[in-house]
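Everything on this sheet refers to the single structure shown next.
The values are calculated or read from the model by the stated rules, or taken from the named source; none is laboratory data. Predicted, not measured: the structure shown is a model, and the values here were computed from it. All Cβ positions, even for glycine, are placed from backbone atoms using ideal geometry, and neighbour counts span all protein chains on display.
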Amino acid sequence: MATRKQPEKPKKETRESSEPSGPGKQQTRLNAILEHLRKSGNVTVESLSEKFGTSLVTIRRDLDQLESDGVLQRTHGGASLLEPLFYEPFKNDRTFQAHLESFSDEKRRIGHAAAALVEKGDTIALTPGTTTLEVIRGLPLNHNITVVTNTVNVAMELSKRKDLDIFVTGGHLRGDWFSLVGPTAVDSLKQMLIHTLFIGSDGIDGQWGVSCLSSEEAQLNAAMVKTSRRRIAVIDSSKFGKVAGWRICEVSDLNILITDTGATDAMIAPFVERGVDVRRV
């Protein structure tokens, strides 16, 4: 007598088999992991596995990839943020550290909101400053971005990221910000098209425009304004109503102004009236 064949039990779906696949899905996950890491400072493989619904093996692979890209450091059971040492020479300078820490949360929000506007294949430029530093820290991964900078130590730190193409202007060195300025720096920009320029400043005024304390940096930053298609000011609310002495650009040159929620309606009104897209984060 033939035995009756028992129906096969459905195979239990493993966590690994239900995970999103493909390079696009992985890239989305890598960016999400990096953003989570930027907020928390350090993560564990288990917490990321639970958060993103992926296997431990996949998370370990992702963290290894991010370490290879030069944006984090693997630790036992997880990873920690590889903080850029942009201003390491000033770590014992109390005046500079106070400047760095001033409105730090606001600058971080502004920088990350600005970085989210960068598109794949963009050539971007950034003026020196602590707020534009936060833009750099928030740049998305593997977007084929070219970064134009006149700040030597920023260029050296960004060189760790294999997914970025770094262009450094010429010029002579200003020691206080490690920035390159002068006619050579300006000339190096004349044949270049910058898709998006991020402008930090020492002051912004509805009549005078965006300004800084150095005449040489103002000249170079103004040259960047002339060769850029889209100009985004990243300026915290403490700079509003201040004129630093050397104009970078007029209000009409700005396309977008990103500031913090401390900027009142009255403070941003002159810019809104001039057609600037003002965003408070």
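Among the candidates 234, 272, 186, single out the residue that is more than 24 Å from residue 155 (Cα to Cα) and among the aliphatic types (A, V, I, L, M). I'd like the intermediate steps shown before the answer.
On the way: 234 fails: more than 24 Å from residue 155 (Cα to Cα); 186 fails: more than 24 Å from residue 155 (Cα to Cα).
None of the others qualify; the one that does is 272.
Hey, among the residues in segment 238-252 that are free of Cβ contacts under 8 Å to residues at least 60 places away in the same chain and in a helix (DSSP H, G or I), which one's farthest from residue 209 (Cα to Cα)? Spell out how you get there, then give the answer.
Residues of segment 238-252 free of Cβ contacts under 8 Å to residues at least 60 places away in the same chain: 239-247, 249-252.
Next, from what is left, pick out any that are in a helix (DSSP H, G or I): 239, 251-252.
Numbers: 239: 11, 251: 5, 252: 8 Å.
Among them, the one singled out is 239.
Can you find, within segment 115-142, the residue that is nearest to residue 62 (Cα to Cα) among those that are more than 11 Å from the chain's Cα centre (by Cα) and surrounded by fewer than 18 Cβ atoms within 10 Å (Cβ to Cβ)?
This residue is 142.
Could you list all residues from segment 49-81 that are without any contact (Cβ under 8 Å) to a residue 24 or more places away in the chain and assigned to a loop (DSSP other than H, G, I, E, B)?
Result: 76, single match.
Looking at residue 170 and the list (1) modelled with pLDDT of 90 or more; (2) touching a Phe, Trp or Tyr at 6+ places or on another chain (Cβ under 9 Å), which single condition is not satisfied?
Going through the list (1) modelled with pLDDT of 90 or more; (2) touching a Phe, Trp or Tyr at 6+ places or on another chain (Cβ under 9 Å), residue 170 breaks only (2).
Which residues, taken from segment 146-198, are of a type in the set (D, E, K, R), more than 16 Å from the chain's Cα centre (by Cα) and not in a loop (DSSP other than H, G, I, E, B)?
Keep residues of segment 146-198 that are of a type in the set (D, E, K, R), which gives 157, 160-163, 165, 174, 176, 187, 190.
Subset that is more than 16 Å from the chain's Cα centre (by Cα): 174, 176, 187, 190.
Listed by number, the residues that qualify are 174, 187.
For segment 1-48, what are the residues that are at pLDDT 50 or above, of a type in the set (Lys, Arg) and not in a helix (DSSP H, G or I)?
Answer for segment 1-48, where residues must be at pLDDT 50 or above, of a type in the set (Lys, Arg) and not in a helix (DSSP H, G or I): 4, 5.
Restricting attention to segment 253-281, report how many residues are more than 23 Å from the chain's Cα centre (by Cα) and assigned to a helix (DSSP H, G or I).
Narrowing segment 253-281 to residues more than 23 Å from the chain's Cα centre (by Cα): 264-275.
Applying the additional criterion that residues be assigned to a helix (DSSP H, G or I) yields 265-273.
The qualifying residues number 9.
Residues to consider are 201, 179, 228; find the one that is touching a Pro at 6+ places or on another chain (Cβ under 9 Å), crowded, with 21+ Cβ neighbours inside 10 Å, in the same structural domain as residue 112 (by TED's automatic domain parsing) and hydroxyl-bearing (Ser, Thr, Tyr).
Working: 201 fails: touching a Pro at 6+ places or on another chain (Cβ under 9 Å); 228 fails: touching a Pro at 6+ places or on another chain (Cβ under 9 Å).
Criteria check complete, one pass: 179.
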